[in-house]
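Student: Questions regarding the structure given below will be posed in turn.
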Ligand code: BJ8
């Protein structure tokens, strides 16, 4: 990343030395993990470019949007509806991060046994290295797992623009009503923030824009069912990660472009993308940039990841919002109808998630499931035990991994994953 952004970062209050350090690590990790992959799908240059400018050009764009009166809203969860943010004239960006930073500072305000995702967000805040956090006019927290719920109480002391959304834990009628009420409250909050009224037309247009983005990602997911896979799991994950940062319309076009090229490559039997090794799906906690550890191990060990049952993947992107409603209430109901289907492990019980893992496994022609749980993530780690049992009972080989963001266990994980892939051959 170039010198030209230094004054922008300084203006956002970033610690330039710490930020340089982070950018150096990110750059080398990206080159090592992504650019060295053999047979990359054609069209990945756009996503490489976005990543190279993730703290540069994209932040410059967001600052320009702000100058023109738009508001930037940061979120940590796929339950925050982009449709409502866009309809109110805002831009939504993801704030989750996938690297340890300023851990000594973090452990002064959070217990050591907090999951890496939460600690990382705090590390980026306390270490002053995240321009997305600093550019956000409003940060939305949500009452999902206990870790996040309580961490937001502390985050509220570190920032003055935190808004917390309540979420149901049970998918009952009352749970549905709670989500609907919370989405209405959020819509009112967005209107107050931007000064823009959410009208039927604006909301319908926003739904259309987000549906188009999701449709493009669904198209990508379907193409990955091809044998051999036309794209590596690492690259597909990257596209799903970029979905949380990029301008939605430009992103949709870029995903459709790469899908066009993949379709052509498949038709011409031009070999690219994933290898021919055992196909697996990954299921579990979301993987935020630059958390590429597990997929990199799987794919350098000869496996091919063909689907992610994750919020940075299918769990976060499947299903569309019905845009047919004629009134605001009908459109808001349709938004809740779509979001209530997100089968996060914070729900109890959560049978849909198991059904989705099975469906994804069969649809993609996978031979095994790797369950990815972040250490200290109660919801996913707890759920991983019955999920593994149920999958094994159905004859689906499953490997349960519990890890964090450090590189300490790479050797041990590699041995386990190689042994698992050997069984799948
Ligand atoms: S809808 S998965 S994005 S909450 S890893 S912080 S669960 S202790 S991220 Fe998530 Fe929304 Fe659910 Fe999706 Fe807690 Fe677990 Fe940490 Fe997690």
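Student: When you check residue 61 against the structure, is it out of contact with any helix residue (DSSP H, G or I) (no Cβ under 7 Å at 6 or more places or on another chain), farther than 21 Å from residue 406 by Cα and at pLDDT 95 or above, yes or no?
Tutor: On the way: out of contact with any helix residue (DSSP H, G or I) (no Cβ under 7 Å at 6 or more places or on another chain): yes; farther than 21 Å from residue 406 by Cα: yes; at pLDDT 95 or above: yes.
The answer is yes for residue 61.
Student: Tell me, please, whether a residue that is within 16 Å of the ligand (Cβ to nearest atom), touching a residue at least 12 places away in the same chain (Cβ under 8 Å) and assigned to a loop (DSSP other than H, G, I, E, B) can be found in region 146-161.
Tutor: No: region 146-161 contains no residue that is within 16 Å of the ligand (Cβ to nearest atom), touching a residue at least 12 places away in the same chain (Cβ under 8 Å) and assigned to a loop (DSSP other than H, G, I, E, B).
Student: Being under 26 Å from residue 377 (Cβ atoms) and surrounded by 14 or more Cβ atoms within 10 Å (Cβ to Cβ) is the filter here; which residues of region 171-206 pass it?
Tutor: Passing the criteria: 171, 175, 176, 178, 179, 182, 183, 186.
Student: Would you mention how many residues in region 139-164 are surrounded by fewer than 21 Cβ atoms within 10 Å (Cβ to Cβ), over 23 Å from residue 381 (Cα atoms) and in contact with a helix residue (DSSP H, G or I) (Cβ under 8 Å, 6 or more places away or on another chain)?
Tutor: Counting residues in region 139-164 that are surrounded by fewer than 21 Cβ atoms within 10 Å (Cβ to Cβ), over 23 Å from residue 381 (Cα atoms) and in contact with a helix residue (DSSP H, G or I) (Cβ under 8 Å, 6 or more places away or on another chain) gives 6.
Student: Checking residue 408 against (1) farther than 16 Å from residue 367 by Cα; (2) modelled with pLDDT under 95, which test does it fail?
Tutor: Condition not satisfied by residue 408: (2).
The values are calculated or read from the model by the stated rules, or taken from the named source; none is laboratory data. Please read these numbers as outputs of a predicted model, since none were measured by experiment. All Cβ positions, even for glycine, are placed from backbone atoms using ideal geometry, and neighbour counts span all protein chains on display.
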